[in-house]
Amino acid sequence: MIVLDAGAALALAHGHEALHRLADNVAHTPGDWLHLPALCLMKAEESEANVGGALMALPGLHVDPLGQVAAITVGGMVRDGWGGADTCHALYVATPHLDSGGMSIILTGQEDLYPPGFLTVDIDSPGMLGYH
C-alpha cells in the first residue's frame, strides 16, 4: 500500500511529475489506490485553500477515514510525541492491519518526520518511480 502524507498530497495537487505518473498508473490498475489519510487531507487543505478539491478530482485516490479506533490510536501517538496529528494518521494507515497486509510505503517531502521502522520515500529522491 502507498500512503501519501500531507506534504506529498500538496505536491500532487501542485502537479509533481512523479506523483502524477504514479497516480495515473494507480488509476489504471483495478483495485489499486493511493491512500490519503483524512488528517493529511485536512492538513493540506489547512495549508492552502482548494487543495482538497483538486485532490478529490483525481482518480485512484482513497481517503482513509479517522474511525473510532484510529482516533484513539492516533491521539495516543500524538500525546506520546510521535508527531502531529496528520503525521500520526499517516503512520497509523501505514501500519499493517488485517485488511491491508504488509508494511506500506509513506511518500513524503520530509522523511525526518517519521520514526525508524517505517518505510518512507522522499518524493524528490532521484529515480523515484522513474523520475530523474
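Might you check whether a residue that is more than 23 Å from Met128 (Cα to Cα), of a type outside the set (S, T, N, Q) and either open to solvent by 10 Å² or more (accessible area, probe 1.4 Å) or in contact with a Ser or Thr (Cβ under 6 Å, 6 or more places away or on another chain) (or both) occurs anywhere in segment 18-39? Let's see the steps before the verdict.
Narrowing segment 18-39 to residues more than 23 Å from Met128 (Cα to Cα): 38-39.
From the residues that got through so far, the ones that are of a type outside the set (S, T, N, Q) too are 38-39.
From what's left, either open to solvent by 10 Å² or more (accessible area, probe 1.4 Å) or in contact with a Ser or Thr (Cβ under 6 Å, 6 or more places away or on another chain) (or both): 38-39.
Yes, the conditions are met somewhere in segment 18-39.
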Seminar exercise, completed: Only one of (1) closer than 25 Å to Ala27 by Cβ; (2) at pLDDT below 95 does not apply to Phe118, and that is (1)
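Quick one: in segment 47-63, of everything that is open to solvent by 30 Å² or more (accessible area, probe 1.4 Å), aliphatic (A, V, I, L, M) and in contact with a helix residue (DSSP H, G or I) (Cβ under 8 Å, 6 or more places away or on another chain), which residue is farthest from Ile2 (Cα to Cα)?
Only one residue tops the list, namely Ala54.
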Exercise. Say we look at segment 71-94 and pick out the residues that are small (Gly, Ala, Ser) and either under 15 Å from the mean Cα position of the chain (by Cα) or surrounded by fewer than 13 Cβ atoms within 10 Å (Cβ to Cβ) (or both); which of these is nearest to Leu113 (Cα to Cα)?
Worked result: Gly83
Exercise. List the pairs whose first member sits in segment 5-27 and is touching a residue at least 24 places away in the same chain (Cβ under 8 Å) and within 20 Å of Thr87 (Cα to Cα), whose second member is among the hydroxyl-bearing types (Ser, Thr, Tyr) and in a loop (DSSP other than H, G, I, E, B), and whose Cβ atoms are under 9 Å apart, counting only residues at least 6 apart or on separate chains?
Worked result: Asp5/Tyr114; Leu19/Tyr131
For this session: Please indicate, with yes or no, whether at least one residue in segment 60-67 is modelled with pLDDT under 95 and among the acidic types (Asp, Glu).
Result: no
Problem set entry | Among (1) of a type outside the set (D, E, K, R); (2) under 12 Å from the mean Cα position of the chain (by Cα); (3) closer than 18 Å to Met1 by Cβ; (4) open to solvent by less than 40 Å² (accessible area, probe 1.4 Å) - the single one Ala44 does not satisfy | (3)
Exercise. Quick one: what pairs do we get from segment 44-67, first residue farther than 13 Å from Leu12 by Cα, second β-branched (Val, Ile, Thr), C-beta under 9 Å, 6+ apart or different chains?
Worked result: Asp64/Val3; Asp64/Val93; Leu66/Val74
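The values are calculated or read from the model by the stated rules, or taken from the named source; none is laboratory data. From a predicted model like this one, the values you see are computed outputs, not experimental measurements. Methodologically, a virtual Cβ is constructed for each residue, glycine included, from the backbone with ideal geometry; neighbour enumeration extends over all protein chains shown. Accessible surface areas use protein heavy atoms only, side chains included; no ligands, DNA or RNA. Shrake-Rupley method; radii C 1.70, N 1.55, O 1.52, S 1.80 Å.
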